[in-house]
Amino acid sequence: MKTDLSDFRQPQKRKFDIKKTKTKVADVYADKDDYEAQITKLREDINELQDKMYAHHRYSVLVIVQAMDAAGKDSTVEHVFTGVNPMGVEVHSFKRPSEDELDHDFLWRSTVKLPARGHIGIFNRSYYEEVLICKVHPEIIEKYQHLPSETTKDMEKLFKQRYKSICDFEQHLVANGTRVIKFFLNVSKEEQAKRFLDRIDDVSKNWKFNEADLAEREHWDDYQEAYEEAINETATEKAPWYVIPADDKRTMRLLVASILLEELQTLKLAWPDVGAEAKAGMERSKAKLAAER
C-alpha cells in the first residue's frame, strides 16, 4: 500500500474539521482478489507481532473503534482480526450501561476491561460515548448518571473535565506500556442511508436494523460536531486518533489493518531470553528426542 497513513492521523498541524474530511478516497486495492491478498498478508503480519508481544509480556495495545451507526465497526473488527491468535485478543462491545456501571465514574466500566500485558484489547465503542451520545443527549447525564447537582449545573464545564480525564487516563495507560490507537470510521450520511436500506431489504440483515437508529440519524449534525470536538480535545501524540474514510468498506479495513500493523512495528518487542540453564535443558531434551529417531 502506497498511501501515506499519516494523512489520517490526528493531531496534525491544523485542527480536525469534519466537514472538510473525506469519507471516501481512491481505492487502495485493484480488485477483490487484490483486496483479499492484502488483508490476508496484513492479518498474518499482525498475528506474528501479536505472538511476539504475547511472549515478550511487556506491552499491551488498546484499539478503540468509534463511528456512527452502520459505518462498519463490527465488520472491521471481524475482518482485521480474523486469524489473529484468540489467546491474545479480546473484544468488548459497550452498550447501554448497567445500573452497577452507572453507580461508578464514567471510566470505570472500561477500566476493568483493559487488555493485560501481551494482549490486544478492542473496544467497539468505549468511554468516548460519554462525550458523544451524552453530548448530543445531555439529559442522559442528568437523569441516569447520579451525579451531584454542582457537577451537572454547567454542562460545558463537565464535558471539558471529561476530555481532560480521558487525556489523563490515556496518558497513564501509555506510561504503563499500553499503546492506545483510536479509530473514527467516518461514513457519510448518504452512505449510512444506503446501508440502512440494505438492512431493511436483505432478510439476512434485518436483525441489524433498529428503528431507533433513524431517530438518532435526526441528530446527525449534532453528532458530527460532537465527534469533531472530541477528536480535537483528545488527539495526542501518544494516543492519536485515526480518521478513516468509511464509505468503501474494503479500503476502510485495509487502512485500519495497515495502521495497526505500523503501530505494532514501533513497539520494542523481543522474544524472551530463557537463560543458560533452560537452554542447556533444551539441548539435553533435543539429544534425547534425536536418539529416539
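Scan the chain and hand back the longest stretch that contains none of the GluC sites (Glu not before Pro) lying in DSSP loops with at most 13 other Cβ atoms within 10 Å.
1-217
Between Val136 and Glu190, with labels modelled 7 Å along Cα→Cβ, what's the label distance in nm to one decimal, could you check?
2.1
Among DSSP bridges having both ends in the chain, what percentage is antiparallel? Round to the nearest 5.
So the antiparallel bridges amount to about 10 percent of the total.
Do any trypsin sites (Lys or Arg not before Pro) in the stretch 20-53 lie in a loop, going by DSSP, with at most 13 other beta-carbon atoms within 10 Å of their beta carbon, and if so which?
Lys22
Mind checking the full-extension length gain between Lys22 and Met155? Use 0.36 nm per residue of separation minus the Cα-Cα distance, one decimal, nm.
44.8 nm
Compute the signed sum of charges (Lys and Arg +1, Asp and Glu -1) over the other residues within less than 12 Å, Cβ to Cβ, of Lys164.
Local charge sum for Lys164: 0.
Multiply the residue gap between Arg117 and Lys41 by 0.36 nm, knock off their C-alpha separation, and tell me the result in nm, one decimal place.
Fully extending the segment from Arg117 to Lys41 adds 24.9 nm.
Within the stretch 132-167, list the trypsin sites (Lys or Arg not before Pro) lying in a DSSP loop whose Cβ has at most 16 other Cβ atoms in a 10 Å radius.
The qualifying sites are Lys153.
Can you give the FRET efficiency for Glu216 and Arg58, using 1/(1 + (r/R0)^6), R0 = 51 Å, r = Cβ-Cβ distance, to the nearest 0.05?
0.80
Using Cα pairs closer than 8 Å and at least 6 residues apart in sequence, work out the relative contact order for the chain, in percent.
Relative contact order comes out at 33 percent.
Stokes-Einstein at 10 °C, 1.306 mPa s, Kirkwood radius from Cα pairs: D for the chain in µm² s⁻¹?
It comes out at roughly 76 µm²/s.
Please give the length that would be gained between Ser285 and Thr3 if that part of the chain were fully extended, namely 0.36 nm times their separation in residues minus their C-alpha to C-alpha distance (nm, one decimal).
96.7 nm
Name the shape class, rounded, prolate or oblate, that the alpha-carbon gyration tensor gives for the stretch 217-264, where a ≥ b ≥ c are the square roots of its eigenvalues, rounded holds for a/c under 1.5, and otherwise prolate holds if a/b is larger than b/c and oblate otherwise.
Cα axes put the stretch 217-264 in the oblate bin.
Nearest 20 debye, what's the magnitude of the dipole of the chain about its Cα centre given +1 on Lys and Arg Cβ and -1 on Asp and Glu Cβ?
Value, rounded to 20: 1020 debye.
Cut-off 10 angstrom, C-alpha nodes, Gaussian network model of the chain. Which of Pro86, Pro245, Pro11 fluctuates the most?
Comparing Pro86, Pro245, Pro11 in a Gaussian network model of the chain, the most mobile one is Pro86.
A short reminder: the numbers here are calculations on the coordinates, not readings from a lab. Worth saying up front: this structure is predicted, and the values here are computed from it rather than measured. Every residue, glycine among them, receives a Cβ derived from its backbone with ideal geometry; neighbour counts consider all protein chains shown.
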